[in-house]
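A short reminder: the numbers here are calculations on the coordinates, not readings from a lab. Because the structure is predicted, anything quoted here is derived from the model rather than measured. We place every Cβ from the backbone using ideal geometry, glycine too, and count neighbours over all the protein chains shown.
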Amino acid sequence: MEQHVPVLVIITPLIAAPLCVLIRHRRLVFAFSLLVCWATFVMTALLLARVLETGVIRYELGGWLPPWGIEYRVDALSAFVMLFVAGIGAVVATYAPHSITREIPSKRHYLFFTQYLLCLAGLLGITITGDLFNLFVFLEISSLSSYALISLGKSRRSLTAAFQYLVMGTIGATFVLIGIGLMYMMTGTLNMADMAERLTGTVAINGQLLVVNETRTALVAFAFLSVGISIKMALFPLHLWLPNAYTFAPSVVTAFLAATATKVSVYILLRFVFTVFGSDLSFTKLPLDLPLMVLSLFGILIASATAIFQSNIKRMLAFSSVAQIGYIVLGISFVSVTGLTGGIVHLFNHALIKGGLFLAMGCLALRLGSVELEALRGMGQRMPLTMFAWLLGGLGLIGVPLTAGFVSKWYFISAALENGWWPVAVLVLVSSLLALVYVWRVVEVAYFQPPLERQSEIREAPIAMLIPTYALIGASILFGIWTPLSAGVASHAAEILFEGMP
Amino acid sequence: MSSLPGLFNYWIVIMLMMTGFYIVISRGNLIKKVIGLNIFQISVFLLYISMGKVAGGTAPIKPAKSFESGSALQTFTNPLPSVLILTAIVVGVATTAMALALIVRIHEAYGTIEEDEILDMDQET
Amino acid sequence: MTEIETQVIDILVLSLLAITAVTIVRMRELWSAVMLTGLFSFLGASWMVILDAPDVAITEAAVGAGISTFLMLATLALTNREAKLVTKRSRISLVVVVVTGVILVFGTFDMPRYGDPNAPIHLHVAPQYLADEVPSTTGHHAEVHVPNVVTAVLASYRGYDTLGETVVIFTAGIGVLMLLRDRNPKKSPSKADKARS
Amino acid sequence: MKHHTILRIVSKLLIPYILLFAFYVQFHGDYGPGGGFQAGVIFASGFILYGLVFGLKQTRRVAPPAVIEALIACGVLIFAGTGVAAMLLGGNFLDYGLLEHHLLEGYLPHGQHLGILLVELGVGITVAAVMIAIFYSFAGRELKR
């Protein structure tokens, strides 16, 4: 069975989703989903171990050789992304029951888990596939399920947030579809590896012999793919759907999507830029690095500054997420192994930190029924464990030494200095100060203000929620100290990306 | 430039795509936005299908005899764009269904499906 | 049909499509706008017939002129039938759209010409589908032996995409059930909406 | 529309043919245009016509929502199950070439043909069930108002 692991990772949650509909019973569905999520996580761990040992793993679906059939292709980057997506999926699923009991009507719980598993399968499917159109299909699976999940929020604004995301997401997906179509038109293939090869070759168009990646069609395709994916990953200024979606979705959904969905979109960008088009075309012939750097710096500064002025903490963290996407893209725009390593390791670190923070927010929402800054007064005493987890996560966002955030920032600043771009390094430091301000606002209210009268009955969150929260926060501290799995794998993946097709 | 007429179809299709895109981003009525998305997507489907066309070809359905003789004398239109678009159509209708379900719920919660009125109501509360 | 006849029909259908699309932009009465969208889809499907893609044409007609129209009319019945005239963003939108369109047109100049049998997509991958000679992992050239090549590609060579497509439909179905099946929990504007944007 | 006698009679006559046509499209996809998706849509439209003419209550009695919900899941499971079956027989996921058997010799096709038949059936069931479920959801909304 071992050679089937690549496909089993995807079809396990994919088949489990319809089974949840058949099971229906709330507790059974939960137990079953939990089992499936953890099994998926174990399989991704196996995949990563095998990839690091033997290199790229391929799997031909339906037994048809690529480029005729669809192939799965696992390299260090995809295995790494899958590992943390599945890991966070499993941890958040473990955390879910208490939180959704409070936030979602019990009649819909089995449907919630169905959509959750579909979303997980979609995200993993995007990451593992070596075929462009298959990527589009799984992108839509994950998108549709996330619209549904977001709309489950308690406030009516979750509906408009979901709709707004649906419209933006569909525009993004349609742009991607146009891009894929134009690429297909010029190369005749949908397989990424095959396309990468044919892009550097020549093609006879209308009697003229042209190099494919120099044609105007290929350039336009590249532009459409980049814009489409930028919408999906909420790159500033295309991030407008994100704050509402994260603020009004149920806590569990926010934690899961914030930690995984945008990260997988960044993965798609990396795949296109480095694997399909090649770093040579993307950065040497086309100055993609410049716009990416400008947008990411603006994104980091503006989103961090906006976060400071939010009174709703989920919204504050959402703006912080937009800023973190900026950091990741900044890492890519350095066009160096160090910068890219920083970007990839920050995908991982930020997933842990933000996942943990949003889980802590879920604990607060469970007990307080609100995520307003005002409601948090005195929670440092009333809910010490939850607030301490939040504090550790906050330190990670700032990038204090011994947290995972520090590791990423270290790479960004080294990469900036390597390139001799010291103003960029300074801006990264300035933005950390902005993060300090918004984290401090919460810490101040929670630890240095007396609790409100009406909240004297508030107790600590249940242990079943605290354990998963601390699992993610603890991991973010662990990977601040011990980096072979995070930075080690990331730099390996970055080197492979710069070499081109593995 | 004698071959420019060969691009005429693509230009019209692009114009159709952009009309749909324009409806999505300029109109505040939520149903109008869904209509725009539909037109945008259908036009992209037309782009794909028109690239699969081969002059003088026929639909890629082979007469049963051709299997025995093994000869492919006929020119067939490319089947792959058709396959991709069959999938994309299904994805499109799935998105439309989700969007409309959301609109029904939004109308129940807000009493309107105009974007600006919804925004105003969100500001008030 | 001769080349000229085909071209005339092409131009005719395309012009009708364009007229329909532009009319929809200007229309405030939603009922008619939905009907015209159905017509747009139907015209698109007719052009697909001319483009020798009968499978897609049937599906587009069934989906676009059938299901989508039906669903939109059902939604109209549950909501409003008239759209407000909002013009505040139309200028920016127009600029975005025109720029996007010009970029796309710029991209067309290196495209293979319409109907060109030597376009890359006709020379790579597709010929093996048509000849039923797709190499498989077992080494030999397995044969699918299905007369309709579209079905063969859809269900076998790229069958995994079709599984994905089925899952997409499944996801949407479950999503709609989630949203509309049960009576809503009261989504109060007062309680949870204290957040300002 | 519940009281139009002509409409009721015509629909009663028409619906069996629509359903029959759906089956034709379902199983004839190998040879002409058509397949699971189109068949599912046609099948569902037959049902929706029934629903529009005879009312939602009556239709729900014929096809209970719980059954429809289960069928949505079953279609996906048939498709994925075909893939898993190929895997258990020693091939890759969805490698229909390995679906050899000794059941109903001469009636049930083998290998690729059987695989295509099964997955198209899965697609058809899910699509028809989802369309009917969506119809119920939207139409049910109207009743509650």
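Suppose each label sits 7 Å from its Cα in the direction of the beta carbon; what would the residue A:285-residue A:478 distance come out to in nanometres?
Once both label points are built, they end up 4.4 nm from each other.
Quick one: if you take sqrt(5λ) for each eigenvalue of the C-alpha gyration tensor of region D:50-98, what semi-axes come out, biggest first, whole angstrom?
Values: eigenvalues 278, 16, 6 Å².
Result for region D:50-98: semi-axes of 37, 9, 6 Å.
Distance in nm between label sites at residue D:104 and residue C:91, each 7 Å beyond Cα in the beta-carbon direction?
Roughly 6.8 nm, to one decimal.
Using a 10 angstrom Cβ neighbour count of at most 15 plus a DSSP loop assignment to flag exposed trypsin sites (Lys or Arg not before Pro), which longest range of chain C is free of such sites?
Details: sites that count: C:28, C:81, C:88, C:89, C:183, C:186, C:191, C:196.
Between exposed loop sites, the widest span is C:90-182.
Have a look at region A:412-502 and give its Rg and Dmax from the Cα atoms, expressed in angstrom.
Gyration radius and largest Cα-Cα distance of region A:412-502: 20.3, 62 Å.
What FRET efficiency would be calculated for the residue pair residue A:498, residue B:8, taking the C-beta separation as r and a Förster radius of 30 Å, to the nearest 0.05?
0.10
I need the calculated FRET efficiency for the pair residue A:421 and residue C:182, taking r as the beta carbon distance and R₀ as 60 Å, to the nearest 0.05. Mind showing how you got there, number by number?
Details: r = 56 Å, r/R0 = 0.93.
With a Förster radius of 60 Å, E is 0.60.
Taking each residue in D:67-80, count the Cβ atoms of any other chain within 10 Å of its Cβ, then average. What number comes out?
6
Can you give the Kirkwood hydrodynamic radius of the protein assembly as shown from its Cα pairs, in Å with one decimal?
Working: mean 1/r = 0.0353 Å⁻¹.
Its Kirkwood hydrodynamic radius stands at 28.3 Å.
Give the peptides C:143-154, B:101-112 in descending order of average Cβ contacts within 10 Å, highest first.
Working: C:143-154: 23.9, B:101-112: 21.7.
By packing density, highest mean first, the sequence is C:143-154, B:101-112.
Of the listed pairs A:154/A:354; A:263/A:314; A:107/D:57; A:263/B:32, which have alpha-carbon separations greater than 24 Å here?
Details: A:154/A:354 21 Å; A:263/A:314 18 Å; A:107/D:57 22 Å; A:263/B:32 32 Å.
In this structure, A:263/B:32 exceed 24 Å between Cα atoms.
I need the Kirkwood Rh of region A:81-139: take the reciprocal of the average 1/r across all distinct C-alpha pairs and report it in angstrom. Present the calculation step by step, with values, prior to reporting the outcome.
Values: mean 1/r = 0.0794 Å⁻¹.
Roughly 12.6 Å, rounded to one decimal.
If a/c stays under 1.5 just call it rounded; otherwise compare a/b with b/c (prolate if a/b is bigger, oblate if not). Do that for region A:65-187, with a ≥ b ≥ c from the square roots of the Cα gyration tensor eigenvalues.
Oblate, because a/c is 1.5 or more while a/b does not exceed b/c.
Roughly what would the spin-label model give for residue A:2 and residue A:440, points 7 Å off Cα along C-beta, in nm?
Each label point is offset 7 Å from its Cα along the Cβ direction, giving 5.5 nm.
Apply the a/c threshold of 1.5 to the C-alpha gyration tensor of chain D and tell me whether it is rounded, prolate or oblate.
The shape class here is prolate.
In region D:47-145, which chymotrypsin sites (Phe, Trp or Tyr not before Pro) are in a loop and have at most 16 other Cβ atoms within 10 Å, using DSSP for the loop call?
D:107
When only DSSP loop residues count, what trypsin sites (Lys or Arg not before Pro) in region D:1-34 have their Cβ near at most 16 other Cβ atoms within 10 Å?
D:2
How crowded by other chains is A:312-325, given as the mean number of beta carbons from other chains within 10 Å of each beta carbon? Before the final figure, lay out the partial values.
Numbers: counts 4, 1, 1, 3, 0, 0, 0, 0, 0, 0, 0, 0, 0, 0.
Rounded to a whole number, the mean comes out at 1.
Based on the mean of other Cβ atoms within 10 Å per residue, sort peptides A:463-475, D:117-129 so the most packed one is first. List each step's numbers first, then the result.
Details: A:463-475: 20.4, D:117-129: 26.1.
Highest-to-lowest ranking by the protection proxy: D:117-129, A:463-475.
Output the 0 to 90 degree angle, nearest 10, between the alpha-carbon long axis of helix D:5-28 and the longest principal axis computed from the alpha carbons of chain D.
10
Counting other C-beta atoms within 10 Å, and keeping those with at most 12, which DSSP coil chymotrypsin sites (Phe, Trp or Tyr not before Pro) do you find in region A:282-335?
For chymotrypsin sites (Phe, Trp or Tyr not before Pro) across region A:282-335 that sit outside H, G, I, E and B with at most 12 neighbouring Cβ atoms in 10 Å, the list reads A:309.
P(r) for chain A: what percent of alpha-carbon pairs falls in each 20 Å bin, starting at zero?
25, 58, 16, 1, 0
Could you rank the peptides A:242-248, B:14-20, A:341-347 by their average count of other C-beta atoms within 10 Å per residue, with the highest value first?
With the highest mean Cβ count within 10 Å placed first, the list reads A:341-347, A:242-248, B:14-20.
Between residue B:116 and residue A:308, what FRET efficiency follows from the Cβ-Cβ distance if R0 is 30 Å, with the result rounded to 0.05?
The pair residue B:116/residue A:308 has a calculated efficiency of 0.60.
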